[in-house]
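Scroll down for the structure; my scribbles are underneath it.
The values are calculated or read from the model by the stated rules, or taken from the named source; none is laboratory data. Note that this is a predicted model, so its numbers are computed, not measured. No Cβ is skipped: glycine too gets one built from the backbone with ideal geometry, and neighbour counts run over all protein chains shown. Side chains included, ligands, DNA and RNA excluded: accessible areas come from the protein's heavy atoms. Shrake-Rupley method; radii C 1.70, N 1.55, O 1.52, S 1.80 Å.
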Amino acid sequence: MKTTPSAEDALDHARDQVNRLLGMTNGSHGNEVRRALPRNHAVKCFLDDPDDENGFTVDVMPALRQADGTLLIPEKLTQTWVPADPEHLIALVADRQQDWEHFRPLVRVLKQWRHDVAVTGRIKSLVIEVLALDCMPTSGNRPSALRAFFTAAAARVNEGVKDPAELCGEIQPDLDYDGLQAALADTAELADRACAAAAAGETDQALRLWQEILGDSFPAPAAPTKPANPVTGAPALITGTPALITPRPIKDAPQG
């Protein structure tokens, strides 16, 4: 496709429109967006503090609808407009969610997991979503589904992660596939141990292993207290028998 500055111009125009309409300083229709930054395909709009790692953001992507229903979207790095069909992915995810109610929540868990993976560079959110479509079961409980995902994805990822609409090929050509494969394999082993511990009735150990996989956002068992010391009146901790605490519910949100 012919190189054209209009791709970057479109992103700049989208940023200017977001600031004009919704910018925190002078937005004419609202003051919601703290910062709008053009990225490769879209403008990332920060509604929370841009320095907050968990801050809420919205991506605004210019697009040109084609006669066949697909889109042309700007690609800043190559200065071209490239074909895409995000609606195809949205439909695939919706179908999978209809088949199994835990699909979207677990995809969000996996997208959070990717931030703690020791790879060179970043892992795009879309990579995880497509891997989930390929490797996540469509039934069963959530722990066993995560274990199955990590096991299947570790065997599958080095084949490449490609656009499910078959328009743009490799989703992230610079992805550290070796690093991601190693992380998936290591996590699959931990998930297998966690499921085995749960099956053996070792619930606290299972929760500790899931926290090792999912990070501090997944609560680990806390050490309970035993009756106060009869002499001093001070409470004492029982070691080696952590109390079970219920994991926080996973909030659902549309994927794709």
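Among ASP116, ASP134, which is the only one that is within 18 Å of the chain's Cα centre (by Cα), surrounded by fewer than 17 Cβ atoms within 10 Å (Cβ to Cβ), acidic (Asp, Glu) and closer than 22 Å to ALA206 by Cα?
Values: ASP134 fails: closer than 22 Å to ALA206 by Cα.
Only one candidate qualifies: ASP116.
The set of residues in the range 153-164 that are open to solvent by less than 40 Å² (accessible area, probe 1.4 Å) and in contact with a helix residue (DSSP H, G or I) (Cβ under 6 Å, 6 or more places away or on another chain) comprises ALA153, ALA154, VAL157, VAL161. Here LEU64 passes the criteria (1) open to solvent by less than 80 Å² (accessible area, probe 1.4 Å); (2) of a type in the set (A, V, I, L, M); (3) more than 23 Å from HIS115 (Cβ to Cβ) except the one numbered (1). Exactly one residue out of ARG104, ARG96, ARG35 is of a type outside the set (Ser, Thr, Tyr) and open to solvent by 80 Å² or more (accessible area, probe 1.4 Å), and it is ARG35.
In the range 199-213, what count of residues is obtained for those that are of a type in the set (A, V, I, L, M) and either surrounded by fewer than 19 Cβ atoms within 10 Å (Cβ to Cβ) or in contact with a Gly (Cβ under 7 Å, 6 or more places away or on another chain) (or both)?
2
None of VAL161, VAL93, VAL60 is more than 25 Å from ASP216 (Cβ to Cβ) and touching a Cys at 6+ places or on another chain (Cβ under 8 Å) except VAL60.
Confirm whether LYS111 is modelled with pLDDT under 95, in contact with a helix residue (DSSP H, G or I) (Cβ under 6 Å, 6 or more places away or on another chain) and buried (at least 18 other Cβ atoms within 10 Å of the Cβ).
When the stated conditions are applied, LYS111 passes them.
Criterion applied to THR4, THR57 was being of a type in the set (Ser, Thr, Tyr), at pLDDT below 95 and under 22 Å from the mean Cα position of the chain (by Cα), and the one residue passing it is THR57. Within the range 192-203, being out of contact with any Leu (no Cβ under 6 Å at 6 or more places or on another chain) and either within 17 Å of MET136 (Cβ to Cβ) or not aliphatic (A, V, I, L, M) (or both) holds for ASP192, CYS195, GLY201, GLU202.
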